[in-house]
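Below: one structure, written as structure tokens.
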Number of protein chains: 2
Amino acid sequence: MTALDDRSVQPTVTSGPIMGSEKVYLEVDDPASGRTLKVPQRRVGLSNGSHIDLYDTSGPYTDSSATIDVHAGLARTREAWIDDREPINGAVTQLAYAKAGVITPEMRFIAAREGMDPDFVRSEVAIGRAIIPVNRRHPESEPMIIGKNFLVKINANIGNSAVTSSVAEEVEKMVWASRWGADTIMDLSTGKRIHETREWIIRNSPVPVGTVPIYQALEKVNGDPASLTWEIYRDTIIEQAEQGVDYMTVHAGVLLRYVPLTAKRVTGIVSRGGSIMAAWCLAHHKESFLYTHYEELCEIFREYDITFSLGDGLRPGSIADANDEAQFAELRTLGELTHIAREHDVQVMIEGPGHVPMHKIAENVRLEEELCGEAPFYTLGPLATDIAPGYDHITSAIGAAQIGWCGTAMLCYVTPKEHLGLPNRDDVKTGVITYKLAAHSADLAKGHPRAQEWDDALSQARFEFRWQDQFNLALDPETAQAFHDETLPAEPAKTAHFCSMCGPKFCSMKISQDVRKYAEENGLSTVEAIEKGMQDKAEEFADQGKRVYLPIAD
Amino acid sequence: MTALDDRSVQPTVTSGPIMGSEKVYLEVDDPASGRTLKVPQRRVGLSNGSHIDLYDTSGPYTDSSATIDVHAGLARTREAWIDDREPINGAVTQLAYAKAGVITPEMRFIAAREGMDPDFVRSEVAIGRAIIPVNRRHPESEPMIIGKNFLVKINANIGNSAVTSSVAEEVEKMVWASRWGADTIMDLSTGKRIHETREWIIRNSPVPVGTVPIYQALEKVNGDPASLTWEIYRDTIIEQAEQGVDYMTVHAGVLLRYVPLTAKRVTGIVSRGGSIMAAWCLAHHKESFLYTHYEELCEIFREYDITFSLGDGLRPGSIADANDEAQFAELRTLGELTHIAREHDVQVMIEGPGHVPMHKIAENVRLEEELCGEAPFYTLGPLATDIAPGYDHITSAIGAAQIGWCGTAMLCYVTPKEHLGLPNRDDVKTGVITYKLAAHSADLAKGHPRAQEWDDALSQARFEFRWQDQFNLALDPETAQAFHDETLPAEPAKTAHFCSMCGPKFCSMKISQDVRKYAEENGLSTVEAIEKGMQDKAEEFADQGKRVYLPIAD
């Protein structure tokens, strides 16, 4: 009997398409295996007959033809791919295959998903600038990539605590977060039922799942960091590896000698894992067992193809502490550990801050790339100011967008409840949408080849008063429509050439349409010609359309 | 009888101190007049006996000793200052005095408010890099400055439309917006009662009030742009000048020859004022009367000391249109107009976009400074992506923080309802708080000398588990406390050394406190010494405090 056979757990998960979208699959041939890979897309059909296909993280839950059975878990689609493979140089990791020049089905899937060449995907993985988090024991997940030359990804943290939420709630939070765009989720559960909760989440998750194993190890020693041992930690790693955790946060860079560097900080150590390891080091006055046993960890990770997410246990917890000696000392050690992992053919990403004012953001990325051999950077925000608790999804989106532009590959979301309490379902959605818009802003700024199509489609719909298309193209169609309908609920308003801001008159965009119509009717192809044409026809224009009133905003 | 005698209008305005704060006044001597100026501050008293004084835009409404009578309007404090003054070179503007080396009481007030030297304030105004928007007919307002070397300011747009809100509602929106931190407000009212609404707002506003006079002029010709004339516009300007409008948006840079440059845009012309003037130019095939009569406008503005806010009528309305030829052609004309206004001793700021991806933001500021002689830049966001209607306060806060860092002096807020509908009271607050945090992030990044004090005070309170201090120091104390209390409402939780995320155990910050205590007890003053001390006492530490559990987040 597995955890999922427990009929006392009855998750109700959100399913069905996102408003105005349907699930479609791009069919991609994998010549090596002879298989056809089905790459999911969110297709938004437009009222003008066209459509746009968007990157889709939501798995089968948004496929109206799919049958969802949370007790059975998702289809183990990649199981056959994994079974097919032979170890290469003794390793079964995406990194080992990439180095050997092999394009795995995962890479081919990702290439189609990102609109990139499959060999480019392989080469980015080979040099460690991108990672594909896929534990061989999580064949339910859809392959995705984290790297600066791909779309910026976002992570949503979920997880129960001793008293506050149930297994069923966490399964739904995972489905809910990936529905709105979470590319990975981290299960940060503590308290009882930690193993079962994770089993439920992994078996039903279409996105990679990360954990911080030290949390569970600490539960095993009743919360006393000094009682932790390498053996307890190792056994926890193996337990989670067997379940299928795709990446694990390991705070192996918190060294004994770095702890005093935090003494003069405004906010000391704010990472849970970092403080646990600092406590262990101080209590024993020994070097961290994560550091001393790191090569053994690499061996375990290699066996499953688990990705290291090297944790920044000494990250700054306030603007005052950003970019200080403690933070960068740890980063240098993370760089050392990155290179060791790669020698073992194990993939690595690097976790980053936290709280950083804007002018100190670029330095974080520059140093991380230099010290860690361009391993993908994975940051928590950072918050650009400390003064707005209750709005830290926004203070951190400012930092996240900017650090994403600088080259950060994945952004860990922050919800409005950060620093104050536990996020509820609405907070999770707000956090995910906020981080999707930050990540997309970074994609635009980096010039990702397909990013701007989406903005252009939405703006075109706005300009042409295709209100329903505008809603459907929004990151959050339901909220966009609800806000509109608050003041103008009637159905005709959905096609009206105005909005509630200015009332039922023409808006500023109308004049642009008149100018354009002119150009087309007169066969004018250049701006100079348009101008000439207009001079000739100014009188005519005045007769036709001189009533032009009110635009959307000023 | 004035508009305020109308007893059928009964605004209910929010008054009383912001949670955890009290109004205090810094008393500043003005040697020239012998007066003592009272500079308002929001004082947050802390539970450890200290306090912090913050910049305060809220006027007498948050002074618990003030009597508010909206029918009488605010005290005309600056009337005597204005009456005292002699014209200088025929002008009564702050710019004229600044050029002549005179430090006005307004400049002295501002210097105290910003923590700057009074002569620095004067010199920034003299070279046009900062402006002080103070119509001589608005003696109720508290002097403030807009310029890149001062705190970044924010503006909130309010204003009724034909059907959607009443005069009383707009007065309260003004009070509400300045309560949460709006440095100026713009009254964008249209429809009937436009004059009365403005009268109510100005007489009760502690912050400068801006308008876009073309809106009222258009009402006077029943919404037909082609019927507008210079005379109608001029009379509207004078009407508003007499009422005390402090700055006016004038779209004098929309020239006939620029209109065709918008023909190939994705979203054409999106500025209401811009489209009105484009329509007029096309209908008459003549150059804009705002441009041809610009020197006459300067003469009127000089008489009242009204500041030009030169409007960007051709600003981009989508990511696709950012930084295009139309936008920058108009900007060059705005530069030309800036220099003309300065010759008339009239102050100028320049309005900016709109919709701009992050990588094109810096270019906007660079060009504006170059072409417009460093006149303060005043931007609407910009939105860093178009794909998130319903969340455009956030998409634009990303751009706003960044453009503020680059040197933009004032940020016009965007609410969650942007592009969709009319903001309500909650939307106004969300917009203001979002923009305050963006502006403050920019202040930090620019290294404003006093900005980081606030972050440090809040983070220190967080680190020391002074929950109530953390709430009170927040930009929005009520929301911070409400979010906390959702999961842990009990009073003891306000002093507990934990939060609801991790339950009643110690958090990561505890270990830092132990490390610090060590240093203090042992008289160790450097990091090296601390490390040495810890090595000696590792065993002792282990005995004392080895149970260190769970932090706030990981």
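Here are a few things to note about the model shown:
- Scalar couplings 3J(HN,Hα) for region B:72-77, obtained by applying the Karplus form with A = 6.51, B = -1.76, C = 1.60 to θ = phi - 60°, are 8, x, 6, 4, 8, 4 Hz; x denotes Gly and Pro.
- Given their separation in residues at 0.36 nm each and the Cα-Cα distance between them, B:Val102 and B:Met19 gain 25.9 nm when the chain is fully extended.
- Counted charge near B:Ser396, where neighbours are those whose Cβ lies closer than 12 Å (Asp, Glu -1; Lys, Arg +1): -3
- FRET efficiency, 1/(1 + (r/R0)^6) with R0 22 Å, evaluated for B:Thr2 and B:Ser166 via beta carbons: 0.75
- Coarse-grained scattering of chain B at q = 0.07, 0.08 Å⁻¹, given as base-10 log I(q)/I(0) from a Debye sum over alpha-carbon atoms: -0.44, -0.56
- For A:Asn135, residues with placed amide H under 5 Å, excluding near neighbours: A:Asp246
- Charge tally in the Cβ shell below 11 Å around B:Gly407, where Lys, Arg are +1 and Asp, Glu are -1, B:Gly407 excluded: +1
- Look at the dipole of the protein assembly as shown built from charges on Cβ: of B:Pro208, A:Leu297, A:Cys406, the Cα furthest out on the positive end belongs to B:Pro208.
- Taking region A:1-55 and dividing mean pair separation by its residue count, relative contact order in percent (alpha carbons under 8 Å, at least six apart): 24 percent
- When nucleic acids and ligands are ignored and a 1.4 Å probe is applied, B:Arg35 ends up with an accessible area of around 70 Å².
- For the pair region B:21-49 and region A:361-417, the centres of their Cα atoms are 38 angstrom apart.
- Ordering of B:344-351, B:98-105 by burial proxy (mean other Cβ atoms within 10 Å per residue, highest first): B:344-351, B:98-105
- Using a 7 Å projection from Cα along Cα-to-Cβ, the label point at B:Arg76 is separated from the same position in the remaining copies by 8.5 nm, smallest value first.
- Estimated from the Cβ-Cβ distance and a Förster radius of 30 angstrom, the FRET efficiency linking B:Gln10 and B:Glu478 is about 0.75.
- Kirkwood-type radius of region A:21-127, with distances r between different C-alpha atoms, in Å: 15.6 Å
- Assigned charges on the beta-carbon of Lys, Arg, Asp, Glu; the protein assembly as shown dipole about Cα centre (debye): 480 debye
- Each other copy places its own label point for A:Asp235 at 9.1 nm from this one, sorted shortest first, where the point lies 7 Å along the Cα-to-beta carbon line.
- Heavy-atom accessible area for A:Arg257, with the other protein chains in place and a 1.4 Å probe, reaches approximately 120 Å².
- A:His355 long-range amide H proximity, modeled H, under 5 Å: A:Ser318, A:Leu383
- Neighbouring partner chain Cβ atoms per residue of A:216-223, average, 10 Å criterion: 1
- Proximal aspartates and glutamates relative to B:Lys173, as straight alpha-carbon distance under 15 Å, when same-chain residues fewer than 8 apart are discounted: B:Asp183, B:Asp187, B:Glu199, B:Asp426, B:Asp427
- The accessible area of B:Tyr25, taken with all protein chains in place and a 1.4 Å probe, comes to roughly 80 Å².
- With the simple spin-label model, which puts each label point 7 Å out from Cα in the Cβ direction, the B:Ala32 to A:Lys220 separation comes to 7.5 nm.
- Per-residue HN-Hα couplings for region B:41-54 [Karplus 6.51, -1.76, 1.60; θ = phi - 60°; Hz; x = Gly/Pro]: 9, 9, 9, 9, x, 10, 6, 8, x, 8, 8, 9, 9, 10
- Charge tally in the Cβ shell below 14 Å around B:Ser21, where Lys, Arg are +1 and Asp, Glu are -1, B:Ser21 excluded: -3
- Shielding score for A:448-454, defined as the mean number of other chain Cβ atoms within 10 Å: 2
- Averaged over the residues of A:316-325, the number of partner chain Cβ atoms lying within 10 Å of the residue Cβ comes to 4.
- Value of relative contact order over chain A, rounded to a whole percent, pairs C-alpha under 8 Å and six or more apart: 12 percent
The values are calculated or read from the model by the stated rules, or taken from the named source; none is laboratory data. Computed from a prediction, not measured in an experiment: that's the story for all the values here. Every residue, glycine as well, gets a Cβ built from its backbone with ideal geometry; the counts of neighbours run over all protein chains shown. What goes into the accessible areas is simple: the full protein's heavy atoms, side chains included, and nothing from ligands, DNA or RNA. Shrake-Rupley method; radii C 1.70, N 1.55, O 1.52, S 1.80 Å.
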